[in-house]
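All of the numbers you see were taken from the coordinates with simple rules; none came from a lab. This structure is a prediction, so every number in the text was calculated from the model and none was measured. All Cβ positions, even for glycine, are placed from backbone atoms using ideal geometry, and neighbour counts span all protein chains on display.
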Ligand code: DAH
């Protein structure tokens, strides 16, 4: 028996000689100490041993088991330490390396102004309505009190698609669509692209406008003026004042041109305001009663005001951009400057 035990001990020596991985060591453990392993199997032969020798045999086997498991456990701990060290080395992270940056984009100046305008007017309770860019003659002109032979049609060079269909020249067309579909009180803001056959440093065949329309009982020019004061302060700065100059639009009566005091020089006169101290920012007026009537709104009960501005124009003024083309060329060197 003693011999058998020594043999097992020898084969353990043999087996662990070049073990380097915990996986192989596990297999060795199973081979000797597992339920059906070589050491446990020794006990199965108990029957063949004379009863008086059994207790001492059992002791020997148990002692062997004890020694073997202590030895293998120690070895296992040592191998695991080495393996862990290797793993840490492999997965080492240099926390001092600079990170990889994802370049972040920025909003286009048009979008910045559009969002700013929307947030100012939304704060006053305006809702957004976006009309179609392809309009028919009725919504773009006739319903806005501009019939076919009206000289005001010459104010805007129109892109016609057919005799009746055109690319809208003004977001004012949306006013009609809203009034046809909604009873007053109406308070809408209508941003969108418009098209005119016009092309120079301050004009582009496609540009964007922001239209506003308020219709309710008792709306006056004073309401328009008050709202514009608020708008000018929020967009151009607290100290900015507004003034109304008489003008003409077929769909408003009276019509006004709205100036803001020059936010660059404070009104003293500079290059931006061309020495006048004032900058024209939008057109507005009281909705012409013929327009209200045409949309089924009783002008003896309801009145309203409307206004329309060019988004590119506001962006150019606010950011000091001198050529409208810059807003359409997508030159990254230009656009980068608007990173918030
Ligand atoms: N639609 C005009 C234009 O494109 C701008 C305008 C003027 C809009 C007066 C209005 C308004 O709503 O009341 O030139």
- Query: Can you give the calculated 222 nm mean residue ellipticity of the chain, where each DSSP H run of n ≥ 4 adds -39,500 (n - 2.57) and the sum is split over every residue, rounded to the nearest 500 deg cm²/dmol?
  - Reply: -12500 deg cm²/dmol
- Message: If R₀ is 51 angstrom, what is the calculated FRET efficiency for the pair residue 52 and residue 91, using the beta carbon separation as r and rounding to 0.05?
- Response: 0.30
- Message: I need the peptides 97-104, 315-322, 195-202 ranked by packing, meaning the mean over residues of other C-beta atoms within 10 angstrom, with the highest value on top.
- Response: 315-322, 195-202, 97-104
- Task: Report relative contact order for segment 253-340 in percent, whole number only (criteria: Cα-Cα under 8 Å, sequence separation at least 6).
- Result: 22 percent
- Surface/4 estimate of mean projected area, convex hull on alpha-carbon atoms of segment 101-232, nm²: 11.2 nm²
- Message: Using the basic label-point model (7 angstrom from Cα toward the beta carbon), what is the residue 3 to residue 265 distance in nanometres?
- Response: 11.9 nm
- Query: Dividing the alpha-carbon radius of gyration of segment 28-147 by 2.2 N^0.38 Å (N being the number of residues), what value is obtained?
  - Reply: 3.12
- Task: Using only the Cα atoms of segment 193-272, build the gyration tensor, take square roots of its eigenvalues as a ≥ b ≥ c, and label the shape rounded, prolate or oblate: rounded if a/c is under 1.5, else prolate if a/b is larger than b/c, else oblate.
- Result: oblate
- Query: Expressed as a rounded percentage, what relative contact order does segment 17-86 have, with Cα pairs under 8 Å and six or more residues apart?
  - Reply: 41 percent
- Message: Taking just the alpha carbons, could you work out the radius of gyration and Dmax for the chain, both in angstroms?
- Response: 43.2, 131
- Query: Going by a ≥ b ≥ c, the root eigenvalues of the Cα gyration tensor, does segment 1-80 fall in the rounded group (a/c under 1.5), the prolate group (a/b larger than b/c) or the oblate group?
  - Reply: prolate
- So residue 223 and residue 24, fully extended at 0.36 nm per residue minus their Cα-Cα distance, gain in nm 62.9 nm
- Task: May I ask for the angle, rounded to the nearest 10°, between helix 109-123 and the longest principal axis of the chain, with both axes built from Cα atoms and the value confined to 0 to 90°?
- Result: 80 degrees
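Estimate the FRET efficiency between residue 230 and residue 161 by the formula 1/(1 + (r/R0)^6), using the beta-carbon distance for r and 45 Å for R0, to the nearest 0.05.
0.70
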- Item | Whole-angstrom gap from segment 202-241 to segment 16-82, using each part's C-alpha centre | 91 Å
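For Cα pairs less than 8 Å apart in space and 6+ apart in sequence, what is the mean separation divided by the residue count of the chain, i.e. the relative contact order in percent?
Reported as a whole number, the value is 15 percent.
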- Which of 71, 289, 245 fluctuates most in a GNM of the chain (C-alpha springs under 10 Å)? That residue is 71
- Using only Cα positions of segment 87-149, each an equal point scatterer, no hydration layer, compute I(q)/I(0) via Debye at q = 0.17 Å⁻¹ and quote the log10 values to two decimals. -0.90
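What number does segment 240-306 give for Rg over Rh if you use C-alpha atoms and the Kirkwood radius?
Here the Rg-to-Rh quotient is 1.19.
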- Note on the structure: Checking rank on 115-128, 252-265, with mean other Cβ inside 10 Å and highest first, the result is 252-265, 115-128
